[in-house]
Amino acid sequence: QVQLVESGGGLVQSGGSLRLSCQASKSAFSQYAMSWYRQAPGKERELVASITSLGSTNYAESVKGRITISRVNAKNTVYLEMNALKPEDTAVYYCHARWAPANYWGQGTQVTVSS
């Protein structure tokens, strides 16, 4: 079982920045593919960014150039650096860990971008 604890969400003005963190409880963290998803009110959960165990990254088109995912395996932590935030980025952001067939979710952290 892996526990994921997100932090770093909050209220920010349009154009501002936030850095989300997700710390995992498992020492085998480096083996997990890590992702950030988000879910806005009334919408389905969507993938924001992902990073493999080898460090390859993937981003949703809507966030490319504004958001960066990274990981520090020594700290069992994955980060989501978000810049040039827009009101449409408002959502609950969830951390996800996958090492097939297992996968785990964090509890989510709220990000609100005011216009």
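The values are calculated or read from the model by the stated rules, or taken from the named source; none is laboratory data. For clarity, every value in this text was computed on a predicted model and none was experimentally measured. For neighbour counting, all protein chains shown are included, and Cβ atoms are generated from backbone atoms with ideal geometry for every residue, glycine included. SASA here: full protein model, heavy atoms, side chains in, ligands and nucleic acids out. Shrake-Rupley method; radii C 1.70, N 1.55, O 1.52, S 1.80 Å.
Odds and ends about this structure:
- For the stretch 77-115, a residue qualifies if it is assigned to a loop (DSSP other than H, G, I, E, B) and modelled with pLDDT under 95, and the qualifying residues are Ala100, Pro101, Ser115.
- Some residue of the stretch 31-52 being touching a helix residue (DSSP H, G or I) at 6+ places or on another chain (Cβ under 8 Å) and over 18 Å from Gln107 (Cα atoms): no
- The single condition among (1) touching a residue at least 60 places away in the same chain (Cβ under 8 Å); (2) in contact with a His (Cβ under 9 Å, 6 or more places away or on another chain) that Asn83 does not satisfy is (2).
- Just one of the listed residues (Ser53, Ser35, Ser30) is touching a strand residue (DSSP E or B) at 6+ places or on another chain (Cβ under 9 Å), polar (S, T, N, Q), open to solvent by less than 60 Å² (accessible area, probe 1.4 Å) and part of a strand (DSSP E or B), namely Ser35.
- Scan of the stretch 64-115 for residues that are among the small types (Gly, Ala, Ser) and within 18 Å of Gly8 (Cβ to Cβ), ordered by number: Ser70, Ala84, Ala91, Ala97, Gly106, Gly108, Ser114
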